[in-house]
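Reading through the structure tokens given below for one structure.
The values are calculated or read from the model by the stated rules, or taken from the named source; none is laboratory data. Every value quoted in this text rests on a predicted model; they were computed, and no experiment measured them. Using ideal geometry, Cβ is built from the backbone for each residue, glycine included, and neighbour counts are taken over all protein chains shown.
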Amino acid sequence: MTDAELDPVIHAQSRLRVVATLAALAPGDRLSFPRLQQLLDMTAGNLSTHLRKLEEASYVTVEKTFEGRTPATYVELSATGRAAFERYTRALTDLLGGAR
Amino acid sequence: MTTQPEEAPLDLAAARAIIDAQRTRVRTTAYSDDRVIFGIWATAWGVGYGVLWAVSGDGVERMPWGAWAVFGVLILAGVVTTILHSARRMSGMDGVSRRTGAMYGWSWMVAFTAAQVLLGGLAAAGLPPEGMTLAANGISALIVGILYMAGGALWQDRAQFALGVWMALVAAVATLVGLPGTFAVMCLAGGGGMAVGALLAHVAQRRGNAPRRGGLA
């Protein structure tokens with residue numbers, strides 16, 4: 001069971017897609033919930049569920065704020081999440097035989 | 001508390017593919033595309049200054065107003081397209097890129113507005129039309145050069161920095177050569193430089209190492 005080395009929080013299709021998307025942002029950037037949803041082609045309910053799980057692991061930071069009177073939610077990969085994703089991609093590369 | 005049905009186990013190659021796909025998607029849709037921006041400005045300068053060059057043979061005072069109108073419309077279209085492109089890409093984005101992009105975008109607005117006022121001052125002081133034309137071209141190219149150099153520094157992009165150096169050179173030469181050569185320099189070296197910028201941006205995009213830029217390039 002080689003997958004044992006892969007972080008189970010990240011190693012699931014939908015959560016990996018969420019984390020990979022946030023990790024692809026330039027450092028210090030975050031996305032609004034609807035924009036993240038659009039980049040993932042996910043339903044709002046689905047994305048919320050996955051975000052909750054990632055938030056519990058402290059991999060993402062979800063901030064609810066107001067832009068004027070409109071509520072807005074911003075999602076960002078935390079430092080912990082970024083480090084975990086880097087570990088995950090390294091493990092993945094190793095398991096794939098070092099071939100990038 | 002809703003429970004999510006467990007997803008099918010993910011195989012390694014599929015995981016790699018997901019990471020690559022999302023990385024490409026974010027880089028190509030959430031940040032501005034320099035090919036588009038340099039392409040717009042290569043066209044605006046190439047065609048706009050090209051038209052002015054074509055009708056400038058009999059001196060700046062005899063240039064038909066239609067040529068200036070074409071030039072004005074092209075520059076305005078460039079500004080509007082650049083803003084729309086950046087705004088669309090930046091929608092839903094917050095953080096460092098948004099703040100950097102906003103300040104960088106405003107730098108263009110402030111610089112060119114100040115340049116207009118400065119040129120107005122020169123006209124009021126009695127600078128003849130030939131001098132006004134040279135000043136307008138030189139100042140425009142100089143602003144572009146300086147802000148490209150600044151953009152190169154901001155986004156650690158050597159290609160853009162080099163283009164900025166080139167545009168500063170264009171500014172100097174466009175003023176030195178006088179009329180009507182100034183328009184030829186702006187069209188060929190200025191517009192051409194931006195076309196090279198678009199080409200370099202295309203190469204960077206292909207290699208997947210285009211800078212993630214939020215503002216106006």
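Would you be able to say whether some residue in the stretch A:58-66 is farther than 13 Å from A:Phe33 by Cα and modelled with pLDDT of 95 or more?
Taking every residue of the stretch A:58-66 in turn, at least one turns out to be farther than 13 Å from A:Phe33 by Cα and modelled with pLDDT of 95 or more.
Return the total of residues in the stretch B:15-60 being within 14 Å of chain A (Cβ to nearest Cβ) and closer than 19 Å to B:Ala189 by Cα.
So the count comes out to 0.
Which members of the stretch A:50-100 meet the condition of being over 12 Å from the mean Cα position of the chain (by Cα), small (Gly, Ala, Ser) and surrounded by 11 or more Cβ atoms within 10 Å (Cβ to Cβ)?
A:Ala72, A:Ala91
In the stretch A:12-45, which residues are touching a Pro at 6+ places or on another chain (Cβ under 9 Å) and surrounded by 18 or more Cβ atoms within 10 Å (Cβ to Cβ)?
The answer is A:Ala12, A:Ala26.
Out of A:Ala26, A:Ala72, I need the residue that is at the interface with chain B (Cβ under 10 Å from one of its Cβ atoms), out of contact with any Cys (no Cβ under 9 Å at 6 or more places or on another chain) and in contact (Cβ under 8 Å) with a residue 12 or more places away in the chain. Which one?
A:Ala72
Restricting the search to the stretch A:53-66, which residues are closer than 20 Å to B:Gly92 by Cα and either basic (Lys, Arg) or within 12 Å of chain B (Cβ to nearest Cβ) (or both)?
Across the stretch A:53-66, the qualifying residues are A:Thr61, A:Glu63, A:Lys64, A:Thr65.
On the given criteria, is B:Trp68 without any contact (Cβ under 8 Å) to a residue 24 or more places away in the chain, more than 8 Å from chain A (Cβ to nearest Cβ) and either in a helix (DSSP H, G or I) or of a type in the set (A, V, I, L, M) (or both)?
Yes, satisfied.
Which condition from (1) of a type in the set (Ser, Thr, Tyr); (2) more than 10 Å from chain A (Cβ to nearest Cβ); (3) in contact with a strand residue (DSSP E or B) (Cβ under 8 Å, 6 or more places away or on another chain) is the one that B:Ser97 breaks?
Going through the list (1) of a type in the set (Ser, Thr, Tyr); (2) more than 10 Å from chain A (Cβ to nearest Cβ); (3) in contact with a strand residue (DSSP E or B) (Cβ under 8 Å, 6 or more places away or on another chain), B:Ser97 breaks only (2).
Only one residue in B:Gly152, B:Gly138, B:Gly145, B:Gly92 is touching a helix residue (DSSP H, G or I) at 6+ places or on another chain (Cβ under 6 Å) and within 14 Å of chain A (Cβ to nearest Cβ). Which one?
B:Gly92
Tally the residues that are among the small types (Gly, Ala, Ser) and touching a residue at least 60 places away in the same chain (Cβ under 8 Å), restricting the search to the stretch B:132-179.
Residues in the stretch B:132-179 being among the small types (Gly, Ala, Ser) and touching a residue at least 60 places away in the same chain (Cβ under 8 Å): 1 in total.
Somewhere in the stretch B:78-101, is a residue in contact (Cβ under 8 Å) with a residue 12 or more places away in the chain, more than 23 Å from B:Ala201 (Cβ to Cβ) and assigned to a helix (DSSP H, G or I)?
No, the stretch B:78-101 has no match at all.
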